[in-house]
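Peer 1: Here it is, the structure in full.
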Amino acid sequence: MLETRDLSVRFGGHLAVDAVSCRFRPGELTAIVGPNGAGKTTCFNLISGQVAPTSGRVLLEGADITRLSPAARTRRGIGRGFQQTNLFPGLGVAENIRLAVQASRRKGGALLRLAAADRTTARATTDILERVQMAHLSKRLAAELAHGDQRKLEVAMLMALEPNVYMFDEPTAGMSAEEAPVVLSLIDSLRRDGGKCVLLVEHKLDVIRALADRIIVLHNGRLVADGAPARVMEMDIVQDAYLGQGLANV
Amino acid sequence: MIRLLSGDGPGGRLVSIAVLAIFLSLAFAPFVFEGTRALDTAARICVLIVLAASFDLLLGYAGIVSFAHTMFFGLGAYGVALSSLHMGRGFEALAAGTAAGAGAAAVLALVIGLFSLRVRAIFFAMITLAVASAVAVLVSQLSQITGGEDGLTYRIPRALTAAADHGTVPAFAIGGDLVLGGQRITGKIANYYLVFGGALLLFLLMLRLVNSPFGRVLQAIRENDYRAESIGYSVVRYRIAISVISAVIAALAGSLFAIWLRYVGPDTTLSFELMIDILLMVVIGGMGTLWGAVIGAVLLVLAQSYLRDVMGSAAERMADLPLLPQLLDPDRWLLWLGLLFVLSVYFFPSGIVGRLRGRR
């Protein structure tokens with residue numbers, strides 16, 4: 001279980017995240033919503049370790065991980081995806097995934113073995129390529145992929161890490177209508193079949209409705225609402241602060 | 001064969017042919033080329049291939065810029081020189097000097113890495129520049145120990161000098177008057193094969209390294225260090241590890257060079273010109289592939305050794321024409337070398353190997 005306690009970070013005079021306390025349980029998909037600049041991505045950065053908090057703590061399975069590096073947190077089971085496409089552009093698609101598989105199996109320290117000779121890593125890589133339906137692209141460079149495929153590769157790398165906590169930051173942004181469902185059903189299966197804890201920053205209301213077990217609303221860095229989707233979406237503060245007219249149109 | 005090359009062939013027919021030609025020339029250099037100068041050039045090429053390739057581990061694979069590579073090279077060379085001077089000539093002195101040089105390089109690289117790579121990779125470049133300059137000044141000032149600007153000359157085991165005789169190569173008559181073999185194997189030739197064998201071993205080791213899981217992580221870090229960290233690789237540790245490994249290999253190359261030359265001095269091992277040469281070898285040959293270091297080192301050493309001769313004879317032939325003889329005067333060789341560099345970087349931005357592989 002992942003937990004934040006009074007998590008805050010200040011950038012100069014701006015309090016970007018303000019005393020956020022929250023628990024995330026296995027098998028639960030939590031959508032984090034809020035207007036632009038509400039602190040969603042910063043909150044993600046605090047949990048995955050890219051940004052150090054000014055105060056507050058992050059706990060994983062009861063252990064304090066606030067001071068650990070991003071790499072150390074990943075090794076403990078937090079898998080973080082990024083809003084901007086964040087790949088190894090000059091390497092092949094399969095190699096991008098293989099590196100993630102290799103990382104999760106702690107095999108990066110082998111100096112004199114041949115990477116190509118590692119059959120189990122290769123098999124796991126092929127397996128993931130097939131699950132995300134990208135086997136036909138395995139030899140292409142990540143930089144050459146269409147945007148939607150790059151987003152899919154991003155998700156695939158996250159799956160390759162086999163984390164206990166998945167953090168997706170707008171995973172379907174920029175994807176076509178045909179591509180998005182593939183990724184969304186993958187995310188759904190992680191939670192449903194894998195019993196994983198999933199955190200999802202998302203703007204699309206239909207996606208939130210379809211997937212979320214729970215919604216957290218951030219506004220100006222503060223947690224203003226937390227609960228079941230149906231209940232949260234009706235709350236006045238959510239209507240005013242974020243969803244506003246948007247909700248009325250849906 | 002492919003196993004030996006770690007499954008990472010030169011790639012592309014032209015590069016493969018060039019690499020094979022280089023390998024055969026170096027392997028049979030004492031018997032194919034005549035004269036000590038040719039053998040000296042061949043030994044220099046062997047050493048510089050290793051030095052350039054070990055620099056490519058940093059620059060091309062890990063994306064780290066270092067200016068201290070010749071310093072580590074010098075540590076290995078001075079290690080052999082000092083041990084040979086103080087322990088007396090002998091293979092024990094060579095082994096001890098090589099080990100001490102490599103050990104010192106490892107410790108120094110580790111300290112530099114711990115201080116600078118934790119912050120930012122660019123900081124590493126500045127620190128290495130400062131430390132390398134400081135060491136160069138120290139070596140020229142501490143003349144009681146290092147021989148100062150004059151350097152050190154010392155004696156190596158007799159078995160590795162021209163005076164030693166290790167028998168002759170068995171001769172084969174191929175038919176008619178053509179006879180292969182029959183040359184006397186002097187200690188000098190044995191010494192060459194020590195350099196060649198050592199360089200080959202180190203090169204194959206590096207080839208293995210860059211194709212290992214570790215080597216793949218280095219490339220990932222070069223491509224996107226932020227993402228490499230976020231999928232669970234401790235970027236700092238990998239960067240420090242490769243800078244230590246690269247420093248040790250540079251020191252070992254320095255030891256080989258010292259055994260070959262029987263002389264060390266600031267100019268041959270520590271100079272900034274040498275640093276620039278290595279940088280050029282890697283850039284011209286092609287960054288991020290060890291084969292590029294091979295091609296780059298060969299081209300640069302050959303150009304430096306023979307461009308003046310070629311220009312001299314060209315100038316003589318064109319003595320009757322206006323202007324051209326002056327331009328081709330052997331004293332202008334640096335100008336032409338510079339021009340060749342500019343052109344090669346302009347036309348092969350990804351290096352010669354990168355360009356030829358791309359066309360595959």
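Peer 1: In deg cm²/dmol and to the nearest 500, what is the mean residue ellipticity at 222 nm of the protein assembly as shown if only DSSP H runs of at least 4 residues count, each as -39500 (n - 2.57), divided by the residue total?
Peer 2: Working: 26 runs with 338 residues, N = 610.
Helix-only estimate at 222 nm: -17500 deg cm²/dmol.
Peer 1: Per-residue Cβ counts within 10 Å, from other chains only, averaged over A:67-75: what number is that?
Peer 2: 5
Peer 1: Please arrange A:Thr54, B:Thr70 by how many other C-beta atoms lie within 10 Å of their C-beta, fewest to most. Walk me through the numbers before you get to the answer.
Peer 2: Details: A:Thr54 14, B:Thr70 29.
Final ranking by Cβ density, sparse to dense: A:Thr54, B:Thr70.
Peer 1: Arranged by the count of other C-beta atoms within 10 angstrom, fewest first, what order do B:Thr289, B:Thr186, A:Thr41 take?
Peer 2: B:Thr186, A:Thr41, B:Thr289
Peer 1: On to the next question. If contacts are Cα pairs under 8 angstrom and at least 6 residues apart, what is the relative contact order of segment A:44-115 in percent? The partial results should precede the final answer.
Peer 2: On the way: 34 pairs, mean separation 14.8, N = 72.
Once divided by the residue count of segment A:44-115, the mean separation gives 21 percent.
Peer 1: Now for a different question. Classify segment B:9-75 as rounded, prolate or oblate, taking a ≥ b ≥ c as the square roots of the eigenvalues of its Cα gyration tensor: rounded when a/c is under 1.5, otherwise prolate if a/b is larger than b/c and oblate if not.
Peer 2: Working: a/c = 4.34, a/b = 1.35, b/c = 3.21.
Taking the square roots of the gyration eigenvalues as a ≥ b ≥ c, segment B:9-75 is oblate.
Peer 1: Count the lysine pairs in the protein assembly as shown whose Cα atoms sit under 26 Å apart, keeping only pairs 8 or more residues apart in sequence or on different chains.
Peer 2: Value for the protein assembly as shown: 10.
Peer 1: Mind sorting B:Phe72, B:Phe23 by how few other Cβ atoms lie within 10 Å of their own Cβ, fewest first?
Peer 2: Details: B:Phe72 35, B:Phe23 14.
Ascending Cβ contact count within 10 Å gives the list B:Phe23, B:Phe72.
Peer 1: What net charge do the residues around A:Asn45 carry, taking every other residue with its C-beta under 13 Å from that of A:Asn45, with Lys and Arg at +1 and Asp and Glu at -1?
Peer 2: Details: positive: A:Lys40, A:Arg73, A:Arg80; negative: A:Asp169, B:Glu229.
With Lys, Arg at +1 and Asp, Glu at -1, the net is +1.
Peer 1: If chain B were replaced by its equivalent ellipsoid, with semi-axes equal to the square roots of 5 times the Cα gyration tensor eigenvalues, what would those be, largest first, whole Å?
Peer 2: Details: eigenvalues 206, 144, 106 Å².
After scaling each eigenvalue by five and taking roots: 32, 27, 23 Å.
Peer 1: Classify the protein assembly as shown from the C-alpha gyration tensor, please: rounded if a/c falls under 1.5, else prolate or oblate depending on whether a/b exceeds b/c.
Peer 2: On the way: a/c = 2.59, a/b = 2.25, b/c = 1.15.
Prolate, since a/c reaches 1.5 and a/b exceeds b/c.
Peer 1: Averaging the inverse of every distinct alpha carbon separation and then flipping it gives the Kirkwood radius. What is it for chain A, in angstrom units?
Peer 2: Values: mean 1/r = 0.0531 Å⁻¹.
Roughly 18.8 Å, rounded to one decimal.
Peer 1: Run the numbers on chain A and let me know its relative contact order in percent, using alpha-carbon pairs under 8 Å that are six or more apart.
Peer 2: Working: 443 pairs, mean separation 69.8, N = 250.
Normalised by residue count, the contact order of chain A is 28 percent.
Peer 1: Please label the shape of segment A:1-136 as rounded, prolate or oblate, based on the square roots a ≥ b ≥ c of the eigenvalues of the alpha-carbon gyration tensor (a/c under 1.5 means rounded; beyond that, a/b larger than b/c means prolate, else oblate).
Peer 2: Prolate.
Peer 1: Another question, then. Could you grab the relative contact order for segment B:1-89? Cα pairs under 8 Å, six or more apart, rounded to a whole percent. Before the final figure, lay out the partial values.
Peer 2: Working: 20 pairs, mean separation 9.8, N = 89.
The value is 11 percent.
Peer 1: How are the alpha carbon pair distances in segment B:58-197 distributed across 5 Å bins from zero to the largest one, expressed in percent?
Peer 2: 2, 9, 13, 16, 13, 12, 11, 8, 6, 5, 4, 2, 1, 0
Every number in this text was worked out from the coordinates using simple rules, so none of it is lab data. In this text the structure is predicted, and so the values were computed from the model without any measurement. As a convention, Cβ positions derive from the backbone with ideal geometry for all residues, glycine included, and neighbour counts pool all protein chains shown.
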